[in-house]
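A short worksheet on the structure shown next.
The values are calculated or read from the model by the stated rules, or taken from the named source; none is laboratory data. No experiment lies behind these values; they were computed from the predicted model shown. Virtual Cβ from ideal backbone geometry, glycine too; neighbours counted across all protein chains shown. Only protein heavy atoms, including side chains, enter the accessible area calculation; ligands, DNA and RNA are left aside. Shrake-Rupley method; radii C 1.70, N 1.55, O 1.52, S 1.80 Å.
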Amino acid sequence: MSWHPQYRSSKFRHVYGKAASKDKCYDCVPITRNVHDNHFCAVNPHFIAVVTECAGGGAFLVIPIHQTGKLDPHYPRICGHKGSVLDIKWNPFNDFVIASCSEDATVKIWDIPKHLLTRNITSPTKELLGHVRRVGLIEWHPTANNILFSSGYDYKIMIWNLDTKEAVVSKPVKILDAHKDVVLSMSFNTDGSLLATACRDRKIRLIDPRAGTVLQEASYKSHRVNKVLFLGNMKKLFSTGTSRWNNRQIALWDQNDLSMPLLEEDLDGSSGLLFPFYDSDTRMLYVVGKGDGNIRYYEISPEKPYLNYLMEYRSHLPQKGIGMMPKRGLEVSACEIFRFYKLIPTKSLIEPISMIVPRRSGSYQEDIYPLTTGAQPALTAQEWLHGFNKGPILVSLRPGSGSVNSLPQFPEPEPLVKTTDMSQHRGGGGRILLEDMQKPREIKDHRKQPKMEDKLPKNEQMCFSNIFDIFERPPPKTESELLQMFYRQQEEIRRLRELVNQRDIQIKQLELELRNLCSDTVSY
């Protein structure tokens, strides 16, 4: 194992993996038998998508995240491809848009309805035609809206701008033709200005995607790379592959010098692929083995020994693929810092696995939940294509903090009391009375009471954070489902009480600021 000192202080040294109970798994899911080396699963706070077996073409399922239990065998599918689906990815800035690629050499963009699916979806919103052979990989840009990368067996990476009205897009904005074999993996740095690729020619390449130039190239012969991953802002790359003796191997690289790895380590003699996942908030690295049930996890440090082994989650059920929930969909009240969705085709089962930091307190643990990547794009597609770089917009995971849903944000309505009219509501002693500020709002509320919901923002019309709309879920059929709904409602009531307390504090602060401002104006 990786060398690590005997005593090392860490908040995550006791992290453990916890598999979900049977009633919280997804059963009777016809998981694909395809041997392609991909995740075959994509997850966001609303849905879980999984590639499925399908006769005559390719299809995948989109299941509401809280619709656990046995799946109806006639559940509707997304089935517009003529060949097997090889990869699916959710849009990071819209939880109701998903991209898929297939052996039919096309990439398709799908709009998923917010209500429950009642019939098969066969017509995509957009179809991207450019590759001449099957498309094996797709990746959304991490900070720019509507920028999609696709990689095919024609050895080309194509960059697509989806900010167009055309339903069929046949010309990508850029073609990267720097590879001599099939691209096995793609990964972006934090602001999306650099792209790292792993190729079947055993080389790692660091590419400027807009210029199309190769900045660095690694051809280290004793490490045959399969997957490569940027480690956030650490300026390091992590790769998985095999050694000369066909042992599964991991390696750590300096982003500015790919001639020799900083660290190289053999894990075991299994033949399955290793999928790496990195959490830049906690600096934890997860290595998931395909064909076995193990998940190894490490902590990354900027100094030697760089890679600190923590623990290993073991299971006797082998995984075919794996999905990962974004941080904004985690259960922070349970100190959950990561969640996998494990595909088990032998049992037609999808099993959630939560990585948990053991804490006694049930309150929000701010030290293990720093600001994380939100669901709002930092750049438009045109801004990124014209050379602008910007890091992701960060949000807090504290319940009630907002800014964590992924629907497009619209301009907020104007406040009911404008600052220019505040002098009319000024009370004695240079203070604006709260009752006077509420009077105009009360009058409008009485006049337009039936349309009150139209005035509220979407995140206040239905105050359920990180869970599916309760009116769109099927009604509870068993006692356990009823209890689950009851506990969710209790948790939501607790969250709303915290939110009300926060609002009260904000109101008092604003009253104090207004009082001081009015006093300064009178004295002036």
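Can you tell me which of V29, V62, V35, V51 is open to solvent by less than 10 Å² (accessible area, probe 1.4 Å) and in a loop (DSSP other than H, G, I, E, B)?
Residue meeting the stated conditions: V29.
For the range 186-204, what are the residues that are closer than 24 Å to L379 by Cβ and either outside any strand (DSSP E or B) or of a type outside the set (A, V, I, L, M) (or both)?
Scanning the range 186-204 gives S187, F188, N189, T190, D191, G192, S193, L194, T197.
Could you grab me the full set of residues in the range 353-387 that are assigned to a loop (DSSP other than H, G, I, E, B) and under 23 Å from the mean Cα position of the chain (by Cα)?
V357, Y364, Q365, Y369, P370, L371, G374, A375, Q376, P377, A378, T380 - these are the residues of the range 353-387 that are assigned to a loop (DSSP other than H, G, I, E, B) and under 23 Å from the mean Cα position of the chain (by Cα).
What are the pairs, 6+ residues apart or on separate chains, where a residue within the range 160-173 that is over 18 Å from P209 (Cβ atoms) and at pLDDT 90 or above has its Cβ under 7 Å from a residue that is assigned to a strand (DSSP E or B) and open to solvent by 50 Å² or more (accessible area, probe 1.4 Å)?
V168/L129; S170/L129
State the number of residues belonging to the range 264-294 that are open to solvent by less than 10 Å² (accessible area, probe 1.4 Å), hydroxyl-bearing (S, T, Y) and either in a strand (DSSP E or B) or more than 27 Å from K304 (Cβ to Cβ) (or both).
Qualifying residue count, the range 264-294: 1.
Which of the residues that make up the range 141-186 are open to solvent by less than 10 Å² (accessible area, probe 1.4 Å), hydroxyl-bearing (S, T, Y) and either farther than 23 Å from F275 by Cα or in contact with a Leu (Cβ under 6 Å, 6 or more places away or on another chain) (or both)?
Of everything in the range 141-186, those that are open to solvent by less than 10 Å² (accessible area, probe 1.4 Å), hydroxyl-bearing (S, T, Y) and either farther than 23 Å from F275 by Cα or in contact with a Leu (Cβ under 6 Å, 6 or more places away or on another chain) (or both) turn out to be T143, S151.
Hey, among D104, D87, which residue is open to solvent by 10 Å² or more (accessible area, probe 1.4 Å) and acidic (D, E)?
Being open to solvent by 10 Å² or more (accessible area, probe 1.4 Å) and acidic (D, E) holds for just one of D104, D87, which is D104.
Quick one: P73 ticks every box in (1) more than 18 Å from W384 (Cβ to Cβ); (2) buried (at least 18 other Cβ atoms within 10 Å of the Cβ) except a single one, so which number is it?
Of everything listed in (1) more than 18 Å from W384 (Cβ to Cβ); (2) buried (at least 18 other Cβ atoms within 10 Å of the Cβ), P73 misses just condition (2).
Mind checking which residues of the range 109-147 are charged (D, E, K, R) and farther than 19 Å from I63 by Cα?
Result: K126, E127, R133, R134, E139.
Taking the stated definitions as given, is N246 outside any strand (DSSP E or B), at pLDDT below 90, open to solvent by 20 Å² or more (accessible area, probe 1.4 Å) and at positive phi? Working first, answer last.
Numbers: outside any strand (DSSP E or B): yes; at pLDDT below 90: yes; open to solvent by 20 Å² or more (accessible area, probe 1.4 Å): yes; at positive phi: yes.
Yes: the conditions hold for N246.
In this structure, is G212 open to solvent by less than 20 Å² (accessible area, probe 1.4 Å) and within 28 Å of the chain's Cα centre (by Cα)?
No: the conditions fail for G212.
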